[in-house]
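The block underneath contains the structure these notes are about, expressed in structure tokens.
Each value in this text was obtained by applying a stated rule to the coordinates, not by laboratory testing. These figures come from a predicted structure and were not determined experimentally. Glycine also receives a Cβ, built like all others from the backbone with ideal geometry; neighbour counts cover every protein chain displayed.
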Amino acid sequence: MPVQEDAAEDGDNPGASGKLKEPDDPNGWEAHYEVFAVEGDRGVATGTSHYYATTYRPERIYYNCFLMRFDAEGTCAEFTEYFMAVPD
């Protein structure tokens with residue numbers, strides 16, 4: 001899915017900006033997402049993110065729901081993430 005490279009830098013989403021500057025260890029997690037629904041220029045995907053335990057943090061698992069809107073070129077123009085942590 002194409003994304004706007006500078007989207008996190010334009011001030012619209014300060015949380016995303018920090019995430020891009022300090023990404024998670026690529027070997028410290030795994031994720032699985034599937035398309036849930038598509039209608040017109042909107043889509044919904046659901047899945048899970050699993051972060052492995054480290055010396056400093058316990059294992060964490062999240063249920064995720066992504067709401068997306070795409071522009072005429074197929075670039076994601078809006079993105080909203082909802083997540084819920086699996087209780088310990």
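General remarks:
- The largest-to-smallest principal axis extents of the Cα set in the stretch 25-85 are 46, 18, 15 Å.
- Using 0.36 nm per residue and subtracting the Cα-Cα separation, the extra length available between F83 and Y56 on full extension is 7.5 nm.
- Counted by neighbouring Cβ atoms within 10 Å, the residues H32, H50 run from fewest to most as H32, H50.
- As a length-normalised measure over Cα pairs under 8 Å and 6 or more apart, the relative contact order of the stretch 25-85 settles at 25 percent.
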